[in-house]
Amino acid sequence: MKFITARRDVLRTFALTMATSAIGVASTAARPAAMAVGSTLMPSGAVHLEALRERLAQVPRRRNFKTVPMILSHAEQWDHEALTDVLSYGAAQRQVWDNTDIEGPWLNLMRNALNSQIWSFNHPDFLAVSVTHGTAQLALYDQAMWDKYQLTKLAGENFKTNTLIFEHKAVATGPANYEDPAGLFSGDDNSIPALMRRGVVFMSCHNAIWEQAAALIKLDINPDRLSHAALAAELTDHLVDGAVLIPGAAGTLPELQQAGFHYAT
């Protein structure tokens, strides 16, 4: 199966409309979602998956919060357009991963699922979704937040930096040989950007963000002396490009299962 690596300029540089939540929380700006990298690794024939990826790159993400509430009660407070697009995905093969442990094998398991579905079962439109919470949620913050809030103290000493948001050297080997044990589809490139290039959707749990903000305040790692609501907002504003903010992992999982996604953990 051949792969497409063409560059796609999916970003627009203009700002979209300002949105204000119905309950008076902070004003938020909606912007198109930047993809983790500019090129894709979609299998030929992945018509539905490619269309979803392009759509998700264009629908707005809200990343200019000033404060956020504990419980999100209005669709404008999360990435509801992107979530709706995922819930409406048309291909038959869909899997949702309940990922909670940053130190666990979660990226490797999703990579293995992709490889088996694409090459073993010939399902190029297979969609894998990571519903990310617990310490795994820490992997969806950019390095600026890791530095400012010393997120190693929450992630553990094995993560001095957020290594999962950087592609590994395997990316240089090219996609031609999918059997290459050190190539793009091997365990040598278990990273969030690499999986995003293959169509994996990473969802970010608001409840995990709220709880991690509380943990940082308790540890007195709050250099700007922000309120709980403001610190959670700053973390939200620094989610990695392409992530989909959801109101809560445990509450969104049933929505995905009801839509036909098979649960995995």
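Laboratory data are not the source of any read-out in this text; all were calculated from the coordinates shown. The structure displayed is predicted, hence computed values, not measured ones. Cβ: placed from backbone, ideal geometry, glycine included. Neighbour counts: every protein chain shown.
Rounded, prolate or oblate for segment 210-265? Axes are the square roots of the Cα gyration tensor eigenvalues, ordered a ≥ b ≥ c, and the cut-off for rounded is a/c under 1.5.
Since a/c reaches 1.5 and a/b is larger than b/c, the shape of segment 210-265 is classed as prolate.
Mind ranking 185-196, 88-99 by how tightly packed they are, going by the mean number of other C-beta atoms within 10 angstrom, highest first?
185-196, 88-99
Under Stokes-Einstein, with the Kirkwood radius over Cα pairs standing in for Rh, what whole-number D in µm²/s applies to segment 117-265 at 20 °C and 1.002 mPa s?
Diffusion coefficient, whole number: 127 µm²/s.
Distance in nm between label sites at SER88 and ASN122, each 7 Å beyond Cα in the beta-carbon direction?
With each label placed 7 Å out from Cα toward Cβ, I get 3.1 nm.
Which distance in nm do the two modelled labels at TYR263 and ASN112 give, with both placed 7 Å along the Cα-to-Cβ direction?
2.1
Compare the Cα positions of ALA176, ALA194, ALA215 along the charge dipole of segment 158-265 (+1 at Cβ of Lys, Arg; -1 at Cβ of Asp, Glu; about the Cα centre) and return the one farthest towards the positive end.
It is ALA215.
For GLU255 and ASP180, what is the calculated FRET efficiency with R₀ set at 45 Å and r taken between the beta-carbons, to the nearest 0.05?
Once rounded, the FRET efficiency stands at 0.75.
Packing-wise, with mean Cβ within 10 Å as the measure, how do 212-225, 111-124, 136-149, 53-66 rank, highest first?
Those peptides, ordered most packed to least, come out 136-149, 53-66, 111-124, 212-225.
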